[in-house]
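The structure under discussion appears below in the form of structure tokens.
The values are calculated or read from the model by the stated rules, or taken from the named source; none is laboratory data. All values reported here derive from a predicted model rather than from experimental measurement. Cβ placement follows ideal geometry from the backbone for every residue including glycine, while neighbour counts extend to all protein chains displayed. Remember, those area values only see protein heavy atoms, side chains included, never the ligands or the DNA or RNA. Shrake-Rupley method; radii C 1.70, N 1.55, O 1.52, S 1.80 Å.
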Amino acid sequence: MTVARSLILFALAAVAEIGGAWLVWQGVREHRGWLWIGAGVAALGVYGFVATLQPDAEFGRILAAYGGVFIAGSLLWGMVADGYRPDRWDVIGALICLVGVAVIMYMPRAVDG
């Protein structure tokens, strides 16, 4: 199913981009070194590739929708990797973003004819 494939690709892209950014952050801000930075840069490259695999052909639509996934995924990553505890406004904001993702990506569109 196309929606299921799209959701899996969004999840993979989130892991690659958020994980890559986190690795760079750890390498620079937490002084873990160039190996961490290099791994982060590689993961960010994987993100760029995974985003191209989305079934929809519109770059702007994919990246706009991914922005909402990135917001929710970043909060989740922070909870798991860094012990971050989002407040209710973080959660509400992330849910609003995910509703936006659903509207952008999965609502029916008129077919130009």
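Data overview
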item: Top-ranked residue of the stretch 48-87 - restricted to ones that are open to solvent by 70 Å² or more (accessible area, probe 1.4 Å), at pLDDT 95 or above and not in a helix (DSSP H, G or I), ranked as nearest to residue 103 (Cα to Cα); result: 87
item: Residue ID - surrounded by the fewest Cβ atoms within 10 Å (Cβ to Cβ), chosen from residues in the stretch 93-113 that are in contact with a Ser or Thr (Cβ under 9 Å, 6 or more places away or on another chain) and within 21 Å of residue 5 (Cα to Cα); result: 106
item: Count - residues of the stretch 28-74 that are within 18 Å of residue 15 (Cβ to Cβ) and not β-branched (Val, Ile, Thr); result: 23
item: Selected residue (only one of 8, 37, 92 is β-branched (Val, Ile, Thr) and touching a helix residue (DSSP H, G or I) at 6+ places or on another chain (Cβ under 9 Å)); result: 37
item: Meets criteria (assigned to a loop (DSSP other than H, G, I, E, B), charged (D, E, K, R) and either open to solvent by less than 90 Å² (accessible area, probe 1.4 Å) or in contact (Cβ under 8 Å) with a residue 60 or more places away in the chain (or both)) for residue 90; result: no
item: Qualifying positions in the stretch 20-40 - surrounded by fewer than 13 Cβ atoms within 10 Å (Cβ to Cβ) and assigned to a helix (DSSP H, G or I); result: 29, 34, 35
